[in-house]
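The values are calculated or read from the model by the stated rules, or taken from the named source; none is laboratory data. On a predicted model such as this, the values are computed, not experimentally measured, just so you know. No Cβ is skipped: glycine too gets one built from the backbone with ideal geometry, and neighbour counts run over all protein chains shown.
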């Protein structure tokens, strides 16, 4: 049984460049129109740190439109989830550009009191954006997918009621940040965990719904569509050693390609889904929540997204939220069958 979950990282570039109107508000409005045509919804992972800092500094007049958009989406049945790039919280706007604190790039490596403060601040601002002081997001995605080391950050997030993570992409490896999701390759389509996001724990309080990946030869990533988009994270400067580490991330026989509805062609999207459908015929009783990812800053080819939604409709694959997948798979006692 397959269900597809579309998730959108709702944000500007990772170095703080770009306008809210061009990279967040307008593309998301267009995406909403496509999804609502099919009576479907996507999960909006709202990157709260940048929005709070932009509003506080008064650097982009479109922040009001963004906040209203989040509120409208919540009222229209979209799941609003927490996305967080902590380097923004000590950021300063100087000489027309943001200077971010990359010492706080990975939430999970910070001291516990700092993690607790950041998480509390992030949830409070998300509640303001939604327009509900009691709002409790169910789902979380770490900035740059960095949810390692897991234990302390997971504990602080769970204090706010967060139960679902969707940061893992199986096979992922980032030498610069000591991220290693290769151990998760042996896990199933979803799993519960406690202190290590890679390690299934049937008694864990968390549910991991990973971004769907396939391992491919690195050269297969060099499609014309990806090359035209370039680096969606902006023009953040890197030192030579970090550049070499990024090269090392790719120098593997097989590299994980995410199910990315912004960066993949229609043929890539449907071919990947066809392989999942083939597997489902062999295991029809196994619940297969398939998480797709996109970024508001990458939303340019809406025709492909529309056609992919048409494909899913023809194949009778429902489009659901992380909340709906959690309701189906989220009780620890029901998770053991998901670990393959």
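Every residue in segment 130-144 that is surrounded by fewer than 22 Cβ atoms within 10 Å (Cβ to Cβ) and either farther than 20 Å from residue 195 by Cα or out of contact with any strand residue (DSSP E or B) (no Cβ under 6 Å at 6 or more places or on another chain) (or both), please.
Hits for segment 130-144 are 130, 131, 132, 133, 134, 135, 136, 144.
Can you name the number of the only condition in (1) in a strand (DSSP E or B); (2) under 15 Å from the mean Cα position of the chain (by Cα) that residue 3 fails?
(2)
What number of residues in segment 200-219 are surrounded by fewer than 16 Cβ atoms within 10 Å (Cβ to Cβ) and touching a helix residue (DSSP H, G or I) at 6+ places or on another chain (Cβ under 9 Å)?
Residues meeting the conditions: 4.
To keep it simple, each residue is scored yes or no on (1) out of contact with any strand residue (DSSP E or B) (no Cβ under 7 Å at 6 or more places or on another chain); (2) closer than 19 Å to residue 139 by Cβ.
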residue	(1), (2)
8	no, yes
48	no, yes
56	yes, no
59	no, no
63	yes, no
69	yes, yes
86	yes, yes
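On the basis of being touching a helix residue (DSSP H, G or I) at 6+ places or on another chain (Cβ under 6 Å), within 30 Å of residue 186 (Cα to Cα) and touching a residue at least 24 places away in the same chain (Cβ under 8 Å), does residue 81 make the cut? Outline the logic, then answer.
Numbers: touching a helix residue (DSSP H, G or I) at 6+ places or on another chain (Cβ under 6 Å): no; within 30 Å of residue 186 (Cα to Cα): yes; touching a residue at least 24 places away in the same chain (Cβ under 8 Å): yes.
Answer is no for this residue.
Under the condition of being free of Cβ contacts under 8 Å to residues at least 60 places away in the same chain and farther than 22 Å from residue 178 by Cα, which residue from segment 145-166 is surrounded by the most Cβ atoms within 10 Å (Cβ to Cβ)?
160
When you look at residue 39, is it in a loop (DSSP other than H, G, I, E, B) and within 21 Å of the chain's Cα centre (by Cα), yes or no?
Working: in a loop (DSSP other than H, G, I, E, B): yes; within 21 Å of the chain's Cα centre (by Cα): no.
No, not satisfied.
Can you name the residue in segment 274-295 that is outside any strand (DSSP E or B) and in contact (Cβ under 8 Å) with a residue 60 or more places away in the chain and, of all such residues, is nearest to residue 322 (Cα to Cα)?
Among them, the one singled out is 287.
Being in contact with a strand residue (DSSP E or B) (Cβ under 7 Å, 6 or more places away or on another chain) and modelled with pLDDT of 95 or more narrows it down to one residue among 274, 280, 298, 249; which is it?
Result of the check over 274, 280, 298, 249: 280.
Can you list residue pairs whose Cβ atoms sit under 6 Å apart, with the first residue in segment 246-267 being over 23 Å from residue 178 (Cα atoms) and the second being in a helix (DSSP H, G or I) and modelled with pLDDT under 95? Count only pairs 6 or more apart in sequence or on different chains.
263/226; 265/225
So for segment 24-36 (the condition being more than 20 Å from residue 269 (Cβ to Cβ), surrounded by fewer than 18 Cβ atoms within 10 Å (Cβ to Cβ), free of Cβ contacts under 8 Å to residues at least 60 places away in the same chain and touching a helix residue (DSSP H, G or I) at 6+ places or on another chain (Cβ under 8 Å)), does at least one residue qualify?
The answer is yes, given that some residue of segment 24-36 is more than 20 Å from residue 269 (Cβ to Cβ), surrounded by fewer than 18 Cβ atoms within 10 Å (Cβ to Cβ), free of Cβ contacts under 8 Å to residues at least 60 places away in the same chain and touching a helix residue (DSSP H, G or I) at 6+ places or on another chain (Cβ under 8 Å).
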